[in-house]
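Here the structure is laid out as structure tokens; the discussion comes afterwards.
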Amino acid sequence: MAAFHHSNPTDRDIRRVLQKLLIMLSLGIICVSLFYFLAGCCESDIRENSISQRPASEFLLSGWYHDRNGTLYKDVVMVQNEDGYPVAGERSTITPVLETNNSVKDLMATRRLPQALIIGVKKGGTRALLEFLRLHPDIRALGSEPHFFDRHYARGLDWYRSMMPRALDGQVVMEKTPRYFVTVETPGRVHSMSHDVKLIIVVRDPVTRAISDYTQIISKTPHIPTFETLAFKNRTNGEIDSLWSPLWIGLYAQHLERWLAWFPRAQIHLVSGEGLISDPAGELGKVQDFLGLQRIVTDKHFYFNKTKGFPCLKKPEGSSKPHCLGKTKGRTHASIDPEVIQRLREFYRPHNQRFYQMTGQNFGWQ
């Protein structure tokens, strides 16, 4: 009996074995949980990075992307950070977005400061230009207006960089904030960020632009005085109130002069707001040249919506219908007294002529 008793494990030995098994099981569970956690993080990061668009070699002649190697079209909604500001990766509903397979290129996408800025002007066509440009696979653009150089400069360049979409080498990162063009401090601040940044300005007949600006204002605050009242310091003698914002913005030469004090003319490209409506592909071609990109966005991407009086984008693959810009684009302007319009044209004529001389371009405004 004694020999039989010593040949079996003691209770202490059994407990030790059970403890070891329990420890090994716990470690196994932890390792498996950690593996799935890391896999989930990688997948989320890759999906975010996959918003980076394909290179031109994968772009069809029609201008829309391949459904290739499992690549699918996907809409991505805008997200906000803890401060309520939209963060990089948000896309508009009119731009085709790709969700790609995991790849080295996707993992190499990073956030960096913009190489190009659409700096103005308000109600000139900046939103249309940005959305049209975002069709290009080598452009990564923030859809919202960060207002960094005019309102949030104290947040610093690191905050500004964090707002930008992830991009691959060779892709142009850009954003648009029309208020930059008329803000006094902005040119110097932009120059401090980059001496080589490319600047794009969309300009439009200043009288038409002012009426469009006013139309937007009354859509939000309908009980303000009439355009005719606000446009004059003294209606009797016809003295224009050039400090009223809708009119002041249209003094393009005055604003451009500040930018030319910091940047050479060759770094500034002017887009005709009228041309963006009548010949969007032509204007987009010149912008692509200015950015050093292949002309991929062409007339194949556009059709003219007669109801809105504005160009719209042809439907991408996977979409059931074409897509126009929002309801505020192409809306009917407020009705303005023709005599007031004529007085404003006379007021702007010398300013426009000076602007033509400064830029070497005649936009043909009346």
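Nothing in this text is a laboratory measurement; each read-out follows from the coordinates by a stated rule. The shown structure was predicted, so the numbers you read here are calculated from the model rather than taken from an experiment. Cβ atoms come from the backbone with ideal geometry, glycine included; neighbour counts cover every protein chain shown.
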Are any of the pairs Lys123/Lys198; Lys198/Lys220; Lys176/Lys220; Lys198/Lys314; Lys176/Lys306 more than 24 Å apart by Cα-Cα distance, and if so, which? Lys198/Lys220; Lys198/Lys314; Lys176/Lys306
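Quick one: which of 121-132, 246-257 comes out on top by average Cβ neighbours within 10 Å, and what's the full order, highest first? Intermediate results must be reported in sequence, preceding the final value.
Details: 121-132: 23.6, 246-257: 21.1.
Highest mean packing first, the order is 121-132, 246-257.
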Going 7 Å from the Cα of Glu257 toward and past its Cβ, which residues in the range 334-354 have a backbone nitrogen under 12 Å from where you end up? 351, 354
Could you tell me the distance between the Cα centroids of the range 216-253 and the range 337-365, to the nearest Å? 16
Give me the one-decimal nm value for the distance between modelled label points at Asp337 and Asn234, 7 Å along each residue's Cα-to-Cβ direction. 1.6
Give, in whole angstrom and from largest to smallest, the semi-axes √(5λ) of the equivalent ellipsoid of the range 159-292, with λ running over the eigenvalues of the Cα gyration tensor. 32, 18, 16
For His269, the residues 5 or more places away or on another chain with a placed amide H closer than 5 Å to its own amide H are Leu199, Ile200, Ile201
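Multiply the residue separation of His152 and Ala266 by 0.36 nm, subtract the distance between their alpha-carbon atoms, and state the gained length in nm to one decimal. Walk me through the intermediate numbers first.
Details: separation 114, 0.36 × 114 = 41.04 nm, distance 2.78 nm.
The span from His152 to Ala266 would gain 38.3 nm if fully extended.
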